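Okay, structure first, notes after.
Where a number appears in this text, it was derived from the coordinates with a stated rule and is not lab data. Note that the coordinates shown come from a computational prediction; the quantities given were computed from them, not determined experimentally. No Cβ is skipped: glycine too gets one built from the backbone with ideal geometry, and neighbour counts run over all protein chains shown.
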Amino acid sequence: MKLIFFEYFTILLFFLLAIFLSSILFFLSFFLVPKKFDQEKVSAYECGFNPFDDARSTFDIRFYLVAILFLIFDLEISFLFPWTLVLDSISLLTYWSMVIFLVILTIGFIYEWQKGALEWE
């Protein structure tokens with residue numbers, strides 16, 4: 001019983017130490033950093049547009065393309081993490097199906113790049 005308490009006490013000690021250090025760093029950065037407020041820093045930032053314009057104004061399609069590309073590669077990463085964790089115990093079919101998936105995504109990325117979807121003017 002005493003050994004189990006000691007193991008939990010160590011975890012509690014690390015938790016308290018982390019809270020203490022993070023609190024000290026937070027308050028030091030809050031008091032030591034010079035504060036220079038200007039209109040650009042305190043204004044809301046939404047997609048590079050002035051937040052006080054008309055809400056029905058049209059904007060460039062490239063915002064949508066960048067968002068779609070982000071979603072595609074974010075999903076790719078969410079599939080890659082579990083795959084890499086079990087890489088030593090998967091079958092050859094599973095390995096090659098993921099390689100084909102990555103090749104298809106790479107071809108799509110190269111196509112988007114050649115069409116100029118990533119160019120910003």
- Modelled label-to-label distance, Leu105 and Ser23, 7 Å Cα→beta-carbon offset: nm? 4.2
- Message: Please list 3J(HN,Hα) in residue order for segment 18-29, calculated via the Karplus relation 6.51 cos²θ - 1.76 cosθ + 1.60 where θ = phi - 60°; whole Hz, with x for glycine and proline.
- Response: 5, 5, 5, 5, 5, 5, 4, 5, 5, 5, 5, 5
- Looking at the square roots a ≥ b ≥ c of the eigenvalues of the Cα gyration tensor of segment 58-121, which shape do they give, rounded for a/c under 1.5, prolate if a/b is larger than b/c, or oblate? prolate
